[in-house]
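Accompanying notes for the structure given below.
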Amino acid sequence: MDSVLGDFLVCSGRIPYYVGNNTAKIFNMLFRENMLPNIDIIYGFSNIIVELENKSERYIVGYIYRVDHTGIEELSSWDLGMYMPKYSELNGLFITKYKNLGRIFEGIGDGFLKKKWKYMLKKEHKCWEKNNKVCFVSTNKMLSYKAGYLLFATKCKGKTLIIDAFNLAENMLKSIYHPIIEILHSLYHNEIPDDPIRIVNDQIIKYYTELISRFYIKLPKQFDVSDLLRLYTTQLGF
């Protein structure tokens, strides 16, 4: 892979990293507050799929992690993929051709992921076992774009990811919010208490505020995280 394409994919990879990292931190908080009854482990897979123009080749930049009662563990790394940037503060990512994705999960060496990874491209969430559940959350194929669109909608300047397209920024937010809510729905049988919802919303706002204040991300001017979360929560009947 040449460095121009590789560095472009590294830039795009900040999107699944921020999605996955925020999601992991929210689940970590919910574990600490004992708000995930009967769940032992949650695996997370966030990714962005990039299709090259006029080519059948697709690449995937992803971030894989697990969360349990002891904390967060990053399972992926640049070493697993086909391109390693000269410098990146986001070391939990990987790049590979879409058709070779299975090799990444095999390379991690986790028995659960080796058996179940294909589900992560089909569903936002799934749990196994009646008690002491093992679950996953995934962006599945929500963040799938043509390379030309991403070149128009995003750019990286130093440590800053600039997102100029409202639709992309909203899909990024939805990729954090909806899988978490779906897990909570399955646990609480569609009657989620107020406290988990409050934690989810507060932690998302806190995370975005930190990214913006540290110049890690710049969003479209009309994009308001608090207003959108309020809208999503209202639509779900909370």
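The values are calculated or read from the model by the stated rules, or taken from the named source; none is laboratory data. Note that the coordinates shown come from a computational prediction; the quantities given were computed from them, not determined experimentally. Cβ sites come from the backbone with ideal geometry, for glycine too, and all protein chains shown count toward neighbours. Protein only, heavy atoms only, side chains kept; ligands, DNA and RNA dropped before computing areas. Shrake-Rupley method; radii C 1.70, N 1.55, O 1.52, S 1.80 Å.
Numerical summary
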read-out	value
Cβ pairs under 9 Å, 6+ apart, first in region 70-85 and at pLDDT 95 or above, second assigned to a strand (DSSP E or B) and open to solvent by 30 Å² or more (accessible area, probe 1.4 Å)	Ile72/Arg66; Glu73/Arg66; Glu74/Arg66; Leu75/Arg66; Met82/Lys97
Only listed residue being farther than 18 Å from Asp7 by Cβ and touching a helix residue (DSSP H, G or I) at 6+ places or on another chain (Cβ under 7 Å), chosen from Tyr59, Tyr65	Tyr65
The listed residue being surrounded by fewer than 16 Cβ atoms within 10 Å (Cβ to Cβ) and of a type in the set (D, E, K, R), out of Asp40, Asp68	Asp40
Subset of region 118-171 [within 13 Å of Ser46 (Cα to Cα), buried (at least 19 other Cβ atoms within 10 Å of the Cβ) and touching a Lys or Arg at 6+ places or on another chain (Cβ under 8 Å)]	Phe136, Ser138, Asn140
Residue count, region 211-238 (criterion: modelled with pLDDT of 95 or more and β-branched (Val, Ile, Thr))	3
Tally of residues being open to solvent by 40 Å² or more (accessible area, probe 1.4 Å) and in contact with a helix residue (DSSP H, G or I) (Cβ under 9 Å, 6 or more places away or on another chain) across region 74-97	7
